[in-house]
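Below is one structure, written out as structure tokens, with a few remarks after it.
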Amino acid sequence: MKTLLQKEIRLSASVLSYCFLAAAVMTLLPGYPILCGAFFVTLGIFHSFQNAREANDIVYSALLPIAKTDVVKGKYLFSVMIELAAFLIMTLLTLLRMTVLADAQPYRANALMNANPFFLGMALVIFGLFNLIFIGGFFKTAYKLSPFVPYIIATFLTIGAAETAHHIPGFGACNAFGFEHFPLQITLLLGGLVLYIVLTGVSYKIACARFEKIDL
Amino acid sequence: MEIVTLDGICKTYPAFRLNNVSFSLESGKITGFIGRNGAGKTTTIKSMLNLIHTDSGEIRYFGLPLIGHETEIKQRIGYSTGTVSWYPRKTIRQIIDVTRRFYPNWDENACRHYMELFSLDERKKPMELSEGMKVKCNLLFALSHGAEVLILDEPTSGLDPFSRDELLELFMKLKENGVTILFSTHITSDLERCADNIIYISHGEIQADCPKTDFMQNYGKPDETLEEIFLRLEREARA
């Protein structure tokens, strides 16, 4: 597993995957749809897939003495690594907004989504959608990057739904400040985490099955 | 001793069919694989590397079926092509440092030896290499993990006559050390010099599979070279 991840990091990853981790800092932006930060992180991972395709990485990997499923596993390991790194940054900044900056005027006057556990859960859902729609779709051919388009549509619908949620009567608690509605907020975060694990797991299985079938 | 066996390999594409391809490679021999563009050489090689799915047939290495033993078989074989470059923007050293971790048998001394022999600079990137040097770079990877079987897809294409000569010398030395080589090429004069056996494929079917001397005798006319025989056979097939 370590060898596979090293191959991804040292040979096929684009430097943009690391640069776009900075988008996780968007968590601090007031008056901005902060879930877009999660989308930009996945845009960085997308660049690594583009890079890998141009470097003939998939065929090179398939020629190595590893199972075909390991070629898929390497891509998932790398993507999950970047996603979890972004999630860690988002979590730290969300905690900052929930504690030290909880009463800061720009955040109190924020009409858009607050940084809270619900936001973190939705960021995980976006990462899960990326894994399911883009990575799962990529391994249909192992060279077409077009599954990124349905992923963009699904993501912006999800961001729209998450941003709208707290304006719907009865769902105001989604936009809690600080530690308000904490049990509900943690439940929503855990829900996002479960969805991320399920979407990624299902996607990995689908991608392995698809990659086994294709001719390189 | 037969070290690689293909038995009844079929693969159908919309405009091409590899039809019942069967042959074996003998241990410690160089087998030339000839045929014009589109005859089925690369499809056969891809099926030998499990890069494509065959419709039927079986491929065995060292007595083991490829399907089900792919990982252990790939530890013992090497592949090189003159037509693709891997990771064009990484240095050769970076590619080596990652690749060697996948091969417990990787021999860093052999790697350095071939790098010197091929005059390769490990600080260079594949995109900075000439076509001939790319071939040598690909060969370097195949030779550094002590492969017992080398599958070479047009390894001498793009090489200058001196480099080709060096490479053929190397293949013959590897053969003496017991390495089995499948050498797919259009440059039949290379095979005249180093091949023990010839496999000739045309329109997806194996037309001949025999020792080179038998091939020259059975298919050639007096004083005809391998290239002349190959050209005549192709013209006759077209007529």
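Quick notes
- Electrostatic dipole magnitude of the stretch A:2-213 [Cβ: Lys, Arg +1; Asp, Glu -1; Cα centre; debye, to 20]: 660 debye
- Counting Lys and Arg as +1 and Asp and Glu as -1 over every other residue whose Cβ lies under 13 Å from the Cβ of A:ILE126, the net charge comes to -2.
- Cα centroid separation, the stretch B:175-190 to the stretch A:98-162 (Å): 54 Å
- Estimated D of chain B in µm² per second, where Rh is the Kirkwood radius over Cα pairs and Stokes-Einstein applies at 20 °C, 1.002 mPa s: 116 µm²/s
- Taking the fewest neighbouring Cβ atoms within 10 Å as the starting point, the ordered list for A:LEU11, A:LEU101 is A:LEU101, A:LEU11.
- Phi to ³J(HN,Hα) by Karplus 6.51 cos²θ - 1.76 cosθ + 1.60 over the stretch B:20-33, Hz, x for Gly, Pro: 6, 7, 9, 6, 9, 10, 8, 4, x, 10, 9, 10, x, 10
- For the peptides A:136-145, A:36-45, B:173-182, B:130-139, residues were scored by their other Cβ atoms within 10 Å and the scores averaged per peptide; the highest-first order is A:36-45, B:130-139, A:136-145, B:173-182.
- Residue with peak Gaussian network fluctuation, chain B [Cα springs, cutoff 10 Å], from B:LEU140, B:LEU159, B:LEU51: B:LEU51
- Residues with amide H under 5 Å from that of B:ILE67, placed H, sequence gap 5 or more: B:ILE59
- Sorted ascending by nearby beta carbons within 10 Å, beginning with the fewest, B:LYS11, A:LYS2, A:LYS68 become A:LYS2, A:LYS68, B:LYS11.
- The alpha carbons of the stretch A:2-213 stretch over 57, 29, 26 Å along the principal axes, in descending order.
- As a proxy for reagent exposure, A:VAL149, B:VAL4 were ordered by neighbouring Cβ count within 10 angstrom, fewest first; the result is A:VAL149, B:VAL4.
- For the protein assembly as shown, the Kirkwood radius over C-alpha pairs fed into Stokes-Einstein at 20 °C and 1.002 mPa s yields D = 86 µm² per second.
- Cut-off under 5 Å, modelled amide H: who pairs with B:ALA208 long-range: B:TYR200
- Calculated FRET value between B:MET172 and B:ASN105, using beta carbons and R₀ = 22 Å, to 0.05: 0.45
- Angle in degrees between helix A:68-98 and the longest Cα principal axis of chain A, rounded to the nearest 10: 20 degrees
- Note on chain A: with a GNM built from Cα contacts shorter than 10 Å, the maximum mean-square fluctuation among A:ILE197, A:ILE126, A:ILE153 falls on A:ILE153.
- Neighbouring partner chain Cβ atoms per residue of B:29-41, average, 10 Å criterion: 0
- DSSP-defined antiparallel bridges as percent of all bridges, the protein assembly as shown, nearest 5: 55 percent
- Euclidean distance between Cα centres, the stretch B:146-163 to the stretch B:223-238, Å: 24 Å
- Counting Cβ atoms of other protein chains within 10 Å of each Cβ in B:96-102 and taking the mean gives 5.
- Each peptide among A:17-29, B:117-129, A:160-172 gets the average number of other Cβ atoms lying within 10 Å of its residues, and from highest to lowest they stand as A:17-29, B:117-129, A:160-172.
- Dividing the summed -39500 (n - 2.57) terms of all DSSP H runs of n ≥ 4 by the residue count of chain B sets its mean residue ellipticity at 222 nm at -11000 deg cm²/dmol.
- Peptide A:55-66, shielding by other chains (average Cβ, 10 Å cutoff): 6
- Residue among B:LEU170, B:ASN50, A:LEU11 farthest towards the positive dipole end of the protein assembly as shown, charges placed on Cβ: A:LEU11
- Mean Cβ count within 10 Å, highest first, over the residues of peptides A:115-124, B:98-107: A:115-124, B:98-107
- Here the scattering of the stretch B:9-138 is modelled by Debye summation over its C-alpha atoms, one equal scatterer each and no solvent; at q = 0.10 Å⁻¹ the log10 of I(q)/I(0) is -0.43.
- Between the stretch B:14-54 and the stretch A:66-82, the alpha-carbon center distance in angstrom: 30 Å
- Two-decimal Rg/Rh across the stretch A:1-120, once Rg and the Kirkwood Rh are taken from alpha-carbon atoms: 1.12
- Dipole in debye (nearest 20) - the protein assembly as shown, about Cα centre, beta carbon charges: Lys, Arg +1; Asp, Glu -1: 1360 debye
- Secondary structure note: in the stretch B:1-156, about 75% of the DSSP beta bridges are antiparallel.
- Counting only alpha carbon atoms, the long axis of helix A:117-129 and the longest principal axis of chain A meet at about 20°.
Just so you know, all these numbers are worked out from the coordinates, no wet-lab data involved. Quick caveat: nothing in here was measured; it's all calculated off a predicted structure. Cβ sites come from the backbone with ideal geometry, for glycine too, and all protein chains shown count toward neighbours.
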